[in-house]
1. Select from the stretch 210-241 the residues that are at negative phi and either among the acidic types (Asp, Glu) or touching a residue at least 60 places away in the same chain (Cβ under 8 Å) (or both) and list them in ascending order.
2. Looking at Ile254, is it under 30 Å from Met58 (Cα atoms) and among the β-branched types (Val, Ile, Thr)?
3. Return a yes/no flag: does the stretch 252-265 have any residue that is without any contact (Cβ under 8 Å) to a residue 24 or more places away in the chain, of a type outside the set (S, T, N, Q), more than 21 Å from Lys317 (Cα to Cα) and touching a helix residue (DSSP H, G or I) at 6+ places or on another chain (Cβ under 9 Å).
4. Out of Glu292, Glu303, report the one residue that is acidic (Asp, Glu) and surrounded by 13 or more Cβ atoms within 10 Å (Cβ to Cβ).
5. Looking at (1) part of a helix (DSSP H, G or I); (2) under 18 Å from His224 (Cβ atoms); (3) touching a Gly at 6+ places or on another chain (Cβ under 6 Å), can you tell me which one Arg301 breaks?
6. Considering only residues that are in contact with a Cys (Cβ under 9 Å, 6 or more places away or on another chain) and part of a strand (DSSP E or B), which ones fall in the stretch 113-154?
7. For the stretch 101-111, does any single residue satisfy the condition of being outside any loop (DSSP other than H, G, I, E, B), at pLDDT 60 or above and crowded, with 16+ Cβ neighbours inside 10 Å?
8. Among the candidates Leu213, Leu134, Leu143, which residue alone is crowded, with 17+ Cβ neighbours inside 10 Å, at pLDDT 50 or above and touching a His at 6+ places or on another chain (Cβ under 9 Å)?
Amino acid sequence: MTGPANKRQKREEYRKTQFAAQNGGKLALPKKKFYRQRAHANPFSDHNLKYPTCPEEMDWSIHYPAFFPSAKSSNPADEPSNRPVLDTSTPSRPENQSAQLTPTAPHPTIADVGCGFGGLLIALAPLFPNSLILGLELRHQVLSYVHSRITALRSQNPLRPQPESSSSPQTETPTNGTAPEANPMTTTHYANISALRTNTMKFLPQLLPRASLTHLFLCFPDPHFKARKHKARIVSAQLNAEYAYFLKPGVGKIYTITDVEELHGWIVRHFEGHEAGEVKELFERVGEEELEGDECVRVMREETEEGKKVTRNGGRKFVGVWRRKKDPDWEDE
């Protein structure tokens, strides 16, 4: 006799049911037990990833079809072969959702490095309804879960048509970094979030242009306790310079949180320029008073899967936020 279906079979059956129901039906949220994978991925391995040669070649309409109504298809399988196509299904919106949105920029302005199971993305979606939010994840099955989760949320929270008399919102991010006031027409559609599989340590310059981000999150990164593994940490002199390149000068912020005190000390030393090779003029630490009114800090503490786990275990959370300094004026010789 044939035994019960294994996890892979059940996951494939769920996906078939999920995407078959996209034309009008509401989808159930995926179950993590079908998407288990190792907790860590080696960032120095060749993972056979697909990526564009430059940010201008990246087709964001695949990830945010509601913001790009002119796109012919929201299914990566229907896209031309010369476009970057993800190796897993990209979340899309059902065809009956005719409402159209307009992003403040044609590319993501908020990024979550190592987005995990997508808890931060889901929490940020209603806080920044007019900004494109991107999760970056290297683990294949984890990314599949995030895609399934976003697709289900979009089907459960369809877009509502906007009044003809009002134009699409163009809310800009305040300079203090707090979330803009959410528009009631676009608070729960989850059309502004997506995720892709990539290695941030290698390929981020191929995805995003210079000074494009207002928020960059590094939530509970791998601590890599052994000294010989420190080179794999997501915070370093070289990577900090890249983060500064992508953040908007004078506005962009980088948010860090960890439950490992030693790693927090490492992060502080590198962002404050105390390590060899660091550039001290890149970042300035945000004060505690400003952080108290920053909704992103609360979300980072309470809404991420790792944050909830640390709370259940009674652990401590170490938070650090740094603002990208303004570029200095060139001195005339």
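1. Residues of the stretch 210-241 at negative phi: 210, 212-219, 221-223, 225-241.
Residues satisfying the conditions are Ser212, Leu213, Thr214, His215, Leu216, Phe217, Leu218, Cys219, Pro221, Asp222, Ala232, Ile234.
2. When the stated conditions are applied, Ile254 passes them.
3. Among the residues of the stretch 252-265, not one is without any contact (Cβ under 8 Å) to a residue 24 or more places away in the chain, of a type outside the set (S, T, N, Q), more than 21 Å from Lys317 (Cα to Cα) and touching a helix residue (DSSP H, G or I) at 6+ places or on another chain (Cβ under 9 Å), which makes the answer no.
4. Going through Glu292, Glu303 in turn, just one is acidic (Asp, Glu) and surrounded by 13 or more Cβ atoms within 10 Å (Cβ to Cβ): Glu303.
5. Among (1) part of a helix (DSSP H, G or I); (2) under 18 Å from His224 (Cβ atoms); (3) touching a Gly at 6+ places or on another chain (Cβ under 6 Å), the lone unmet condition for Arg301 is (2).
6. Val113, Leu134, Gly135, Leu136, Glu137
7. yes
8. Exactly one of Leu213, Leu134, Leu143 is crowded, with 17+ Cβ neighbours inside 10 Å, at pLDDT 50 or above and touching a His at 6+ places or on another chain (Cβ under 9 Å), namely Leu134.
The values are calculated or read from the model by the stated rules, or taken from the named source; none is laboratory data. Quick caveat: nothing in here was measured; it's all calculated off a predicted structure. Using ideal geometry, Cβ is built from the backbone for each residue, glycine included, and neighbour counts are taken over all protein chains shown.
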